[in-house]
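We did not get these values from a lab; they are worked out from the coordinates using the rules stated. Given the structure is predicted, the values throughout are model-derived calculations rather than measurements. Here Cβ is always computed from backbone atoms with ideal geometry, including for glycine, and neighbour counts include all displayed protein chains.
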Amino acid sequence: MNTQVGLSDAPISAADLRVGAGPAVGAVLTFEGRVRNHNEGRQVVRLHYDAYRQMAEEVLRDIERRTREAYEVSSVSLVHRVGTLSVGEVAVVVSVAAAHRSAAFDGARFAIETVKAELPVWKQEEYEDGSRRWLGGNPAATGSSE
Amino acid sequence: MTTIGTDRMQLQVQLFGSYRDIAPGSSLSLEMPPGATVADLVRCLHDKVPGKLPPNLAVAVNRRHARAEQVLEPSDEVALIPAVAGG
């Protein structure tokens, strides 16, 4: 099965990252997360994604492994963009193959939700007037504090 | 990372996301005594850039989330992890 896991500086798409399917696969589910033109009532023109690259690559591989182990999923592709993305560009692709649809839906949902909760990636919105704002995101679950 | 003499270690703390602009090069250099913990590092960071970092900081050591009591080594890769926002 051809799968890909990691960060990408170049454009990505579901068509390019859809997992291969052998004869035992009955369901292939592929999700694209895209840059939309609005958030919290403001018009967004582009997003700037920053990443702690070395850690993010390890976290993506960990999420891929956990998805396969927790669900009846035979293969997983998981790629996140970094850099500057315009409205409509694909920010993240999750693609899973499974024998049955329920495992494919559940596994893909787990993978994308875990990416959003754990991947050390940050996005800054840029608005029509040129101003920018970092989004708050999810606090690290096991972070340390004083 | 290098050990200075026998009693201080120098750590470079990597900064990402909204923390990047806190320091030139998106990195802060700290001198810590041997045996210093992540909690000690957080206190040093707040002393070095007062008011620029939130009170609660998530710290990654060697690309894993670290607990406050974890002891730091001179060779450790240290980074601050703002609230993540991928997807």
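Laid out as a table, the results:
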| read-out | value |
| --- | --- |
| Count of the stretch A:91-136 residues which are under 26 Å from A:VAL73 (Cβ atoms) and not β-branched (Val, Ile, Thr) | 23 |
| Scan of the stretch B:10-52 for residues that are out of contact with any helix residue (DSSP H, G or I) (no Cβ under 6 Å at 6 or more places or on another chain), buried (at least 19 other Cβ atoms within 10 Å of the Cβ) and of a type outside the set (Ser, Thr, Tyr), ordered by number | B:LEU11, B:VAL13, B:GLN14, B:PHE16, B:GLY17, B:LEU28, B:ALA36, B:VAL38, B:LEU41, B:VAL42, B:LEU45 |
| In the stretch A:68-81, residue farthest from A:PRO23 (Cα to Cα) [restricted to those that are surrounded by 20 or more Cβ atoms within 10 Å (Cβ to Cβ) and aliphatic (A, V, I, L, M)] | A:VAL79 |
| Test: residue in the stretch A:124-132 that is more than 27 Å from B:PRO82 (Cβ to Cβ), surrounded by 17 or more Cβ atoms within 10 Å (Cβ to Cβ) and in contact (Cβ under 8 Å) with a residue 12 or more places away in the chain | no |
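Residue-by-condition table, conditions (1) in contact (Cβ under 8 Å) with a residue 24 or more places away in the chain; (2) farther than 30 Å from A:TYR127 by Cβ; (3) in contact with an Asp or Glu (Cβ under 7 Å, 6 or more places away or on another chain):
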{"position": "A:GLN4", "(1), (2), (3)": "yes, yes, no"}
{"position": "A:PRO23", "(1), (2), (3)": "no, yes, no"}
{"position": "A:GLY26", "(1), (2), (3)": "yes, yes, no"}
{"position": "A:LEU29", "(1), (2), (3)": "yes, yes, no"}
{"position": "A:ALA51", "(1), (2), (3)": "yes, no, no"}
{"position": "A:GLU57", "(1), (2), (3)": "yes, yes, no"}
{"position": "A:GLU64", "(1), (2), (3)": "yes, yes, no"}
{"position": "A:VAL73", "(1), (2), (3)": "yes, yes, no"}
